[in-house]
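Please read the structure below before turning to the comments.
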Amino acid sequence: MEDTKQLAALLTEARNPATEQIDHLSTLDMLRLINDEDAKVAEAVAATLPQIAQAVDAIAQRFEQGGRLFYIGAGTSGRLGVLDASECPPTFSVSPDLVHGIIAGGDSALRRSSESAEDSPQQGAADLAAQGFTPQDTLVGIAASGRTPYVLGALAHARSLGAFTIALACVPGSPMAAAADHAITPITGPEVLTGSTRMKAGTATKLVLNMLSTGVMIKTGATYGNLMVNVQPTNEKLIDRAQRIIMAATGADHPTAAELLHQAGAVKTAIVMQKLAIDRPTAEAKLAAHKGKLAATLEQTSNGESLTFQQFKS
């Protein structure tokens, strides 16, 4: 009973006075009201930017030391974690083993709700352990309410190993925040539909996860400026994107970029070949020496004005 009272007192469970008559509005006015509430989400996330930045730096440091990133949650929170994790390999061409998403109830819960699975802290710990979680890894526990037993169990297991733990919740002073090393808490307030945290809280969670994964990938060299230089040209669309990235990074025309990509087999290698007027093995070695960071490779090895790729070919 006490736990039920605590749940009812959560800000995410409160009734929103602005939307109490939402079912009496015209469709357009209803949507305007939802949009007005959604507009508050970015402000809530903005207030947590210092905490997000600290998390990005900590995760990036652990990546450099061979650590991985795990998300764990139930329901909407779990689905959002799995979504962000699953998008890292195609976006940044990293190993699927680098970022993991775990949802209470297993993968079947991605399509069909399994809400009862969130009530077991033991299962949260067991599911995390089953993925081979180590002290070098980082765990982000996700729950709008900040109190989900499944997530709390996983956080406790991760901390027992000495791993770095982050709580992502949408209410202040949550049990999850107290159980983790670091907390990110965008306060999104009462939902448009009372308790429907798939809405504002879910949107805030997606924004924070976008920042965490994208920020870490930028910090660890998966981009060059705002170019996704880790893209793998595995279909026509991605081949075209890879060629355009080479053009943007080097100033080469389209035929030259296409030839560079053909010879290099990878966007980063193609750019280094063109920028430094070197062959593929040398470019690959230079990238490896700088842990795949394109900017560092170019900044530390370029001496004055490079030859163009056409000059290098001749």
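Some points to look at:
- SER116-SER196 FRET efficiency (beta carbon distance; Förster radius 25 Å; 0.05 resolution): 0.85
- Sorted by Cβ neighbour density within 10 Å, fewest at the top, the residues LEU33, LEU287: LEU33, LEU287
- Helix runs (DSSP H) in the chain reaching 20 Å along axis by Cα, Kyte-Doolittle at least 0.5: 200-219
- Value in Å of the Kirkwood radius, where the range 82-231 supplies the Cα pairs that are averaged: 16.1
- The ranking of SER145, SER113 from fewest to most other beta carbons within 10 Å of each one's beta carbon is SER113, SER145.
- Residues LYS40, LYS275, LYS237, LYS200, sorted so that the one with the fewest Cβ neighbours within 10 Å comes first: LYS237, LYS40, LYS275, LYS200
- Multiplying the residue separation of LEU83 and GLN136 by 0.36 nm and subtracting their alpha-carbon distance yields 16.8 nm.
- For the range 193-297, the alpha-carbon coordinates run over 61, 30, 21 Å along the three principal axes, in decreasing order.
- Ratio of the Cα radius of gyration of the range 110-192 to 2.2 N^0.38 Å, where N counts its residues: 1.08
- Relative intensity, log₁₀ I(q)/I(0), of the chain from a Debye sum that treats every alpha carbon as a point, q = 0.07, 0.11 Å⁻¹: -0.35, -0.76
- For the range 48-142, radius of gyration divided by Kirkwood radius, i.e. Rg to Rh on alpha-carbons: 0.97
- Kirkwood Rh, angstrom, the range 1-109 [1 / mean 1/r, Cα pairs]: 17.5
- Mean shadow area of the range 123-162, taken as a quarter of the surface of its Cα convex hull (nm²): 2.5
Every number here is computed from the coordinates shown, using simple stated rules; none is lab data. Owing to the predicted nature of the structure, the values given are computational and were not obtained by experimental measurement. When we count neighbours, we look across all protein chains shown, and the Cβ atoms used for this are built from the backbone with ideal geometry, even at glycine.
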